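Structure first, then comments.
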Amino acid sequence: MTRKEAERLARQSAVLQSLGFTVAEAEALRRISMTLHRWHEMECGTDNGCIERDEDTGKPFWRYSSNDSRFPMADRERGALKRLDKIMSRVNLYERHGDLPDGSGADRAGALDYFIQTDPRGAALYILRPGDVPAGADVSAYYSRGVCVY
């Protein structure tokens with residue numbers, strides 16, 4: 001890791017901690033974002049094949065491009081989203097009930113939310129603060145105002 005990358009990670013962690021995430025949760029959010037990013041890349045396809053979901057069961061399969069065969073695979077997307085929901089509910093629970101575990105007050109005027117951007121050309125996860133998306137507006141038009149986790 002270069003010095004520039006380390007500085008970027010430190011800034012990202014500091015911003016996430018200011019929103020109420022712990023250091024471990026900030027790192028978990030980064031890993032979740034990387035997992036989702038790779039999943040979205042593989043859904044778009046590589047030279048070897050792509051991920052596709054069964055229409056009836058929703059289970060993911062890897063389809064090889066060379067012989068059109070498909071094999072079941074682990075659903076890393078579902079696991080990452082479950083971990084993300086758990087982290088977000090913990091932070092928002094403390095926001096609703098007052099102080100965060102480290103003793104700092106929750107000075108946000110509402111709950112945090114997230115947006116998953118499925119285009120593999122950018123970051124996969126954005127943490128949305130209250131006010132990042134105008135009331136009644138489409139989130140997909142304003143998600144980049146949030147905190148980019150990559």
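Do you know which of the residues in segment 56-81 that are under 14 Å from residue 38 (Cα atoms) and among the acidic types (Asp, Glu) is surrounded by the most Cβ atoms within 10 Å (Cβ to Cβ)?
Ranking the candidates gives 77 first.
Can you list residue pairs whose Cβ atoms sit under 9 Å apart, with the first residue in segment 77-93 being under 15 Å from residue 111 (Cβ atoms) and the second being acidic (Asp, Glu) and part of a helix (DSSP H, G or I)? Count only pairs 6 or more apart in sequence or on different chains.
Filtered contacts from segment 77-93: 87/25; 90/25; 91/25.
Checking the condition modelled with pLDDT under 95 and assigned to a helix (DSSP H, G or I), which residue from 29, 36, 9, 16 passes?
9
Would you check if there is a residue in segment 93-113 being modelled with pLDDT of 90 or more, outside any strand (DSSP E or B) and in contact with a Phe, Trp or Tyr (Cβ under 7 Å, 6 or more places away or on another chain)?
no
The values are calculated or read from the model by the stated rules, or taken from the named source; none is laboratory data. Just so you know, these numbers come straight off a predicted model, no measurement behind them. Using ideal geometry, Cβ is built from the backbone for each residue, glycine included, and neighbour counts are taken over all protein chains shown.
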